[in-house]
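Here is the structure we will look at.
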Amino acid sequence: MAGYTTLTFADIIAQQPHSKGYAAAPVFVQGEKIFAFHQSMLYEAKILKVEMRNKMNSTRKEMYYFIHYQGWKTKWDEWVNDSRILKYTDQNRDFQRQMRELKEGSNKKRSLRKLRELTPPPEPKKPCVEEIPEEILDAPETLELPFILQRVLAEDYDNIQNNKQVVTMPVQFTVFDILQSFADEKLQKNSETNPFNFAIISDIRAYFDQALGTLLLYRIERTQYQRILANMKAKKCPEAFSQIYGPQHLLRLFYLLPEIVEEAGMPRESKNLILYYVSEILEYMERNSPELFSHKAYSNVPEDYFKDM
């Protein structure tokens, strides 16, 4: 198409009038036609209601919108926050088309074979279903990435795919550091009525170590990965990826996790338990995002870098 410019997720999100931190009033209104994200695709929708609600697993309030997807049955109507919706503009329509083309292309190139070959996260160890808090059993069977972390993922993609950079090593905060700090925080707030399953942390850490080389790297990162493997064999660095890689790669895992646990065919209780605790870790990462995600986290690769690809 003449004059057509490829849009990135970061481009689209950056120009949206989101309410978090920018305006007290809702930036979308009842009756407004919008685009809405649903399972990695963008659909036309309409806002039926607007309401201030408590954020999931938090006492913080934010604006929520009850939306209807055009052409879908009403059973799919749902409450979403503004990280899931975009203004109905020509630019966003182009973005919708690009997402559809990208998904169609990726379906041909990337089957779920890698997910099936990868051992799913172990089912959380629990005494019995009755002892799992009701709020966990009834948790949504998916993850909603906070708006701030969506932008981090978009910028991560742009830095690596478009700017041809890689995450600088060593990272300031490793996956081990982040999960340990989160666990320490939970330990201070732990209660008998809502005990924290600390085995989840070691399970996530172990699963990250397993998934890193299979699912979480862009092609340009493979050379860096091979060099890290060589250093591991030479005992020049820690022997676990979770003690080397940082928040960017952990966020990539959490983005893929709903698809992974769905493919694994876990019981609903086990799946909800994993996603519930991961949603709490995501909230922790959102609160600490200024410290965890630095613009200096990426660096240009040396001239000889691509010789090894």
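The values are calculated or read from the model by the stated rules, or taken from the named source; none is laboratory data. Keep in mind that this is a model prediction, so the values were computed, not measured. Don't worry about glycine lacking a Cβ; one is built from the backbone with ideal geometry, like all the others, and counts go over all protein chains shown. Note: areas computed on protein heavy atoms with side chains; ligands, DNA, RNA excluded. Shrake-Rupley method; radii C 1.70, N 1.55, O 1.52, S 1.80 Å.
Within the set 65, 69, the sole residue that is closer than 25 Å to residue 286 by Cβ and at pLDDT 85 or above turns out to be 65.
Go through the residues of region 90-109 one by one and say whether even a single one is part of a strand (DSSP E or B), at pLDDT 85 or above, open to solvent by 30 Å² or more (accessible area, probe 1.4 Å) and not small (Gly, Ala, Ser). Steps first, answer last, please.
Of all residues in region 90-109, those part of a strand (DSSP E or B) come to none.
Scanning region 90-109 turns up no residue that is part of a strand (DSSP E or B), at pLDDT 85 or above, open to solvent by 30 Å² or more (accessible area, probe 1.4 Å) and not small (Gly, Ala, Ser).
Residues 280, 286, 263: which one is assigned to a helix (DSSP H, G or I), on the phi < 0 side of the Ramachandran plot and open to solvent by 30 Å² or more (accessible area, probe 1.4 Å)? Before you say what the answer is, go through the steps one by one.
Details: 280 fails: open to solvent by 30 Å² or more (accessible area, probe 1.4 Å); 286 fails: open to solvent by 30 Å² or more (accessible area, probe 1.4 Å).
One residue alone meets the criteria, 263.
Could you please let me know if residue 270 is part of a helix (DSSP H, G or I) and more than 17 Å from the chain's Cα centre (by Cα)? So residue 270 fits the description; yes. Considered as a group, the residues in region 289-309 that are over 19 Å from the mean Cα position of the chain (by Cα) and among the hydrophobic types (A, V, I, L, M, F, W, C) include one that is least open to solvent (accessible area, probe 1.4 Å), and that residue is 301.
Residues satisfying the criterion are absent from region 205-212 (criterion: without any contact (Cβ under 8 Å) to a residue 24 or more places away in the chain and either in contact with a strand residue (DSSP E or B) (Cβ under 8 Å, 6 or more places away or on another chain) or surrounded by 18 or more Cβ atoms within 10 Å (Cβ to Cβ) (or both)). Of all residues in region 228-255, those satisfying the criterion of being touching a residue at least 60 places away in the same chain (Cβ under 8 Å) and either of a type in the set (D, E, K, R) or open to solvent by 30 Å² or more (accessible area, probe 1.4 Å) (or both) are 243, 252, 255. Can you confirm whether residue 196 is part of a loop (DSSP other than H, G, I, E, B) and more than 17 Å from residue 170 (Cα to Cα)? Taking the combined requirement at face value, the residue satisfies it.
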